[in-house]
Amino acid sequence: MTDTAQLDPIAALKDKEPSKPPRSQWKDVWDQFRKHKGALFGGGFLVFITLFVIFGPYVWQLDPQKLDIRNKDVRPIYTWLWDSDAKVSWTRPFGTDNLGRDMLANMIKGGRTSLAVGWAAMVLALFVGTLIGVLSGYFKRLDGILMRFTDLVLSLPLLPLLLVAVTLFRQPLRAAFGPEQGMFVLIVGIIAITSWMQTARIVRGEILALKEREFILAARSIGTIPYKIITRHLLPNIMSPIMVSATLGLATAIITESALSFLGVGFPSDFPTWGKMLADSVPRMTEYPERVMLPGIAISLTVLSVNYLGDGLRDALDPRIRGR
Amino acid sequence: MLTFTIRRLILSIPTLLFISLVIFLLMELAPGDPMAQVPLTVPPEVKEKMREALGLGQPGYIRYLKWLYQFFVIEPMVFWDYLWGTAHTEGVQRVISWQTRSPVMDIVIQRMPQTLWVVGMAYIVGILIALPIGVYSAYRQYSVFDQAGTFVSMIGFSIPPFFTGPLLIVLFSVQLGWFPSIYDTTHVVTDWASFKVQFLQMIMPVMVLALQTTAQISRYMRASMLENLNQDYVRTARAKGLSEAVVVMVHVLRNSMIPVVTVIALGMPAIFGGAIITENVFKVNGIGQLLLTALFANDIPMVLTLTFIFAILIVVFNLIADILYGVLDPRIRYD
């Protein structure tokens, strides 16, 4: 009882000053994400292509629908590099099609539609998937019936059904919303209701595991209502799997829309999308391969960058991998 | 295992019934009149008679039940008759296509071999390429080969078949002139030269379909191998002096194949769906192309039957995957 009296009890109880400022979780995520070169490139390209289709029409003000029959079949400007006789023009950097419509303006317009369909269908599918996943994970009574339903939808033949639905319901929706909006609503809706199942399964699994943890028990014991538990405690904790399945959903939605346009059941013919442009130029692709290549490369690069983004996000958002 | 199989088989009946109902209701709710192409000069009572001749006179549920009966009872009986030369189905009403006025199943049987050849061959080729890639990139994780494999399979995921198809046509049939761009289904293999023609025309469609299969399966193979390579039994196998080839190719590979085999079974129906696009690109007249033309012609019985055949494929392969998983992995017990 002699030495301990020397100790200063107040100082011992005081917190030490933290040696460095605390790091937020999102800074860690960003640091890990930055290490994944492919994901960084993918994210960059996605931002670039989105800005390109949003602000493109303000910079490149040509009307994509304007027919200019004198300037039809202009080759892209780079053709001049190996073929100095080719019909090229600086005012038509990507060339024109067989009716003289400007390819660059069409690429911008088509990309707008393709990306808008992709984003809208992804958000809708994510919403439905998360809702069903949360409901069946949190409420035991709903679990059986909702998961049975998910299994049933999973065993539907999706591409044939998509084709059937789009062909059969085209007319009334066009009449109700106008030719372009009607088709947009139809395609977005149909892609969304056929692609929410994976998200629902993942979310349900995560919720089932999280629900048994102590912090949820604590929240319940102070009388938090289920709605608040879900929105305040569960959803923020399952953001990472939701974000990863969002990127997958975006990629699938873009490909599905292009496939539908390619098969000729998508948007009306004067309304360009990348898939439609590709399909329209296939018959003359031997003379004008660039008209297949440009939209094809645009679709592929967008989907590739989204896939890489998803890969990087998965690594960055998983705390078990993040430390390495 | 047997009880599980029987239980799953019985469970798949309501699933199939539900799917058929969904497809039928989709067609039923959709507007679109099969009489729309009939000239306006045809009087309404004649139109009504034509409607009844197409079987449209009755209410929906009777048509649904009739279609179910025709699909599940009459068509198998017709097949039975065809096999054994009996005549149980003489004069019985079958599912009739509105386009050709001939039984739907006859046309499907005519188109099936083309699809099966191209799709089946593509799947086998894809698997044969994917498995070694997956094994090697897992064994040399993060090597140049592994990185390249990851990149290539990422590309395989991302480039849609309706772009790779035209790309290959431009490259190989237009620029180089190696392969024909159109798949000739009337071609008959009789000797070596005609076999070569058949082989050449199959290369491109098979490659397009196989690219996607390869991308997917090689990823699964790699992940599954990686999981097993760090297990204790691998260390034991090495410690008792087995050669590296035996350790990897026998011990690890056999255990890693379990999830991969189920993925292969599950992917089979998806490749039939993907064949719709590939058949369209290469002008193969298989069942995918049949579905498309039937859709555009508003041929409801044909579309209904074909979509349902796709659904049966999915359900059957899901069942096969589940059973295979139980058979291959003794740790899994369903009972």
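The numbers here are math on the coordinates, done by the rules we state, and not lab data. Predicted model only: the values in this text are computed from it and were never measured. Backbone-built Cβ (ideal geometry, glycine too); neighbour counts: all protein chains shown.
A few points about this structure:
- Modelled this way, with points 7 Å down the Cα-to-C-beta line, the labels at B:Ile124 and A:Lys27 are 5.9 nm from one another.
- Contact order for chain B, expressed relative to its length and based on alpha carbon pairs under 8 Å spaced 6+ residues apart, stands at 26 percent.
- Considering only B:Thr186, B:Thr41, B:Thr164, the mean-square fluctuation computed in a Gaussian network model of chain B, springs between alpha carbons under 10 angstrom, is largest for B:Thr41.
- Within chain B: Cβ-based charge dipole about Cα centre, in debye rounded to nearest 20 (Lys, Arg +1; Asp, Glu -1): 760 debye
- In chain A, Cα pairs under 8 Å separated by at least six residues give a relative contact order of 24 percent.
- Computed over chain A with a Gaussian network model linking Cα atoms closer than 10 Å, the most mobile of A:Thr194, A:Thr167, A:Thr224 is A:Thr224.
- Expected 222 nm ellipticity per residue - DSSP helices of 4 or more, -39500 (n - 2.57), all of the protein assembly as shown, to 500: -23000 deg cm²/dmol
- For the stretch B:168-317, a crude dipole built from +1 on the beta carbon of Lys and Arg and -1 on the beta carbon of Asp and Glu, taken about the Cα centre, is about 540 debye to the nearest 20.
- Among B:Val174, B:Val42, B:Val281, the residue with the largest mean-square fluctuation in a Gaussian network model of chain B, with springs joining Cα atoms closer than 10 Å, is B:Val42.
- Degrees separating the helix A:37-59 axis from the principal Cα axis of chain A, which is the longest one: 50 degrees
- Long-range amide H partners of B:Ile96 with built H, under 5 Å: B:Val104
- Contact order normalised by residue count of the stretch B:179-257, Cα under 8 Å, 6+ apart, percent: 25 percent
- Semi-axis lengths, largest first, of the ellipsoid equivalent to the protein assembly as shown are 45, 35, 30 Å, with √(5λ) applied to each eigenvalue of the Cα gyration tensor.
- Per-residue HN-Hα couplings for the stretch B:101-107 [Karplus 6.51, -1.76, 1.60; θ = phi - 60°; Hz; x = Gly/Pro]: 6, 10, x, 4, 5, 4, 5
- Taken as Cα centroids, the stretch B:191-237 and the stretch A:243-262 sit 25 Å apart, rounded to the nearest whole angstrom.
- Degrees between helix A:197-211 axis and first principal axis of chain A (Cα, 0 to 90, nearest 10): 10 degrees
- Cβ-based exposure ranking for A:Trp196, B:Trp178, in which fewest neighbours within 10 Å come first: B:Trp178, A:Trp196
- Between 0 and 90°, nearest 10: helix B:192-229 axis offset from chain B longest Cα axis: 60 degrees
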